[in-house]
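The values are calculated or read from the model by the stated rules, or taken from the named source; none is laboratory data. These numbers were taken from a predicted model, which means no experiment stands behind them. We place every Cβ from the backbone using ideal geometry, glycine too, and count neighbours over all the protein chains shown.
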Amino acid sequence: MGKTLILSCFLWGIICFGQTSGVGINELVPEQALHLGSQTGTIRVDGLNSTNNGFNGGEVDRTYPLYVDANGDLTLDISAYQNSDGDDAFDTASINGTVTILPVGLDDGYEVVEITSIPITIDRDVMLELKYSLSIEVFQDNALTIIKDAYARNVTNYFTVDTPVLNSTTRRYAQSSKCYFNRNDAGTDASAAPNAATGFIYNSGTTYIPLTAGTHTLRFYGSASSGTSNRSTFVRFAGGPDAIFLRLY
Amino acid sequence: MKKSIYYLLLLTVIPSMAQVGIGTSNPQQELHVAGTTSTIRIESLNSINEPVLNDGVKLAPVYMMGNGDLTLEPPGFNSGAGLGNLEPLNFLINVPNFVPNGPYGDGTVVQNDTSITSATSQLVSVPFSSPQNALIEVRYVLTIDLSDQFLPAPAASTFSDISARTIRCYFYIDLNNDGLDAAELSKVYGLHGEAYASYAQGSVGYAFIHGVGYGSIPQGNHSLVFFGETVDGANRETYVGFGGSSDYLKIRIYN
């Protein structure tokens, strides 16, 4: 108690003079700017306790990870680099929101578009956690005709990092695929008009990407395939609510 | 007395309001440790005094206790989980089967009869309490079972019309557990959607769907409200049972 009182007196005190060797508490030879020398003593910050800080939940045997912010201030408040947090992350019109397979041209049954890109600048090496959910609707053409044929469509999404070139060996991240198929009533009434649901289905991907310090571009791709023959396909991305979450470690 | 003189000599005390600067005459916080290489050493947390949690090889994360004390003890460390058995994670709830299975194992059924082409039903509302403001991670897995005849029923009937159905699941966060208002209904989480079509003799049984969502919530009592949705063609019958078998829900404070 005496010691605390004495220390408190000086902490509240008046004098200011520079020192270079640091401050020791129960430590005669401080080796850092502030050095606590006892075997059991620690630091208490009332501003971060459960009474005063909403991010400290208190409770028995519960502890909370401590961080420093840009100023070096201690904080318990952690936030994502980017989190749509329930809001719609993408909409079709503001991204390259569609991919079309026309029944002409190179007969590979495959098309891919770069839907959107996300720039990210970091000043240290980080591990990026990335998660997304992207809504998908599948049609035959841009008049939103319902597909009715014997062929499944595959819709795939993934990310790449930095390179604007996409080839077969470009590293992909957070790949996710869904299939769509409709051939309504073919077994009972082959001439029946197209009649089926077209969406929303979702591709949801999750990954971790190591990034070095500097500026990077995350490129979000969407592809459609219909088999080796071109089968008319029109995929609309982000027509419904979508989500994205990025966190740096 | 000797020690007090020592403090007098070493503390850089400032003529400002109850703020202490070390290496600075202009402290910006109650305790401000300045200097481009300055840090704080706490010997009670070093590898000699905390050899289990600070092994002297890799960096040890620091946590804060409810009273504001710094510690190396992760959450739950003293509750019997022990080192290595419990990561430094705070789970608010972990429900192994959060949608009741119902008498026939159909869970909560979204009924989409011939008179409509889309149907939406609330599956379940799960209350939870958060002791703190938090970014939360919600993960869920649900089973779905599909039928072209009325559910719930002792057995499902497989589709035979080869007409695509889509099935979607998501949740809202009801802050303060007082019913979903317009603002809460505008924020949709944990989106998942599937398409399915089959001729006769298609698959029967449960399929698993899953979703994850991240939300920032204030301290308090809230609930997650899950919805299921189906879309089909005109004059089609689609009955989807959500959560009829084993499912789970986890909410983690994502710190």
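Could you look through the range B:184-201, keep only residues that are assigned to a loop (DSSP other than H, G, I, E, B) and within 8 Å of another protein chain (Cβ to nearest Cβ), and pick out the one that is surrounded by the fewest Cβ atoms within 10 Å (Cβ to Cβ)?
Looking at the filtered set, the residue picked out is B:200.
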Give me the pairs: first residue in the range B:114-127 and closer than 30 Å to residue B:161 by Cβ, second residue basic (Lys, Arg), beta-carbon distance under 8 Å, and six or more apart or on different chains, which are they? B:114/B:236; B:117/B:236
Consider the range B:201-217. How many of its residues are in contact with a Gly (Cβ under 7 Å, 6 or more places away or on another chain) and of a type outside the set (Val, Ile, Thr)? 4
Show me the strands (runs of 3 or more DSSP E) found entirely inside the range B:202-255 where at least 3 residues are of a type in the set (A, V, I, L, M). B:207-217, B:220-231, B:248-253
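Would you point out which residue out of B:174, B:181 is crowded, with 19+ Cβ neighbours inside 10 Å and either under 19 Å from the mean Cα position of the chain (by Cα) or at pLDDT 95 or above (or both)?
One residue alone meets the criteria, B:174.
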Within the range B:226-255, residues of a type outside the set (Phe, Trp, Tyr) and surrounded by fewer than 21 Cβ atoms within 10 Å (Cβ to Cβ) come out as B:229, B:234, B:235, B:237, B:245, B:246, B:250, B:252
Among residues belonging to the range B:33-42 that are surrounded by 15 or more Cβ atoms within 10 Å (Cβ to Cβ) and over 35 Å from the mean Cα position of the chain (by Cα), point out the one that is nearest to residue A:44 (Cα to Cα). B:33
Residue pairs, Cβ under 6 Å, 6 or more apart or interchain, first in the range A:104-129 and over 19 Å from residue A:224 (Cα atoms), second basic (Lys, Arg) and in a strand (DSSP E or B). List them. A:129/A:247
Checklist (1) out of contact with any helix residue (DSSP H, G or I) (no Cβ under 7 Å at 6 or more places or on another chain); (2) modelled with pLDDT of 95 or more; (3) surrounded by 16 or more Cβ atoms within 10 Å (Cβ to Cβ) applied to residue A:239, failing item: (1)
With the structure loaded, tell me whether residue A:119 is surrounded by fewer than 14 Cβ atoms within 10 Å (Cβ to Cβ) and either more than 10 Å from chain B (Cβ to nearest Cβ) or not hydrophobic (A, V, I, L, M, F, W, C) (or both) or whether it fails that test. yes
Look through the range A:56-102, keep the residues that are outside any loop (DSSP other than H, G, I, E, B), under 20 Å from residue A:133 (Cα atoms) and aliphatic (A, V, I, L, M), and return whichever of them is nearest to the other protein chains (Cβ to nearest Cβ). A:99
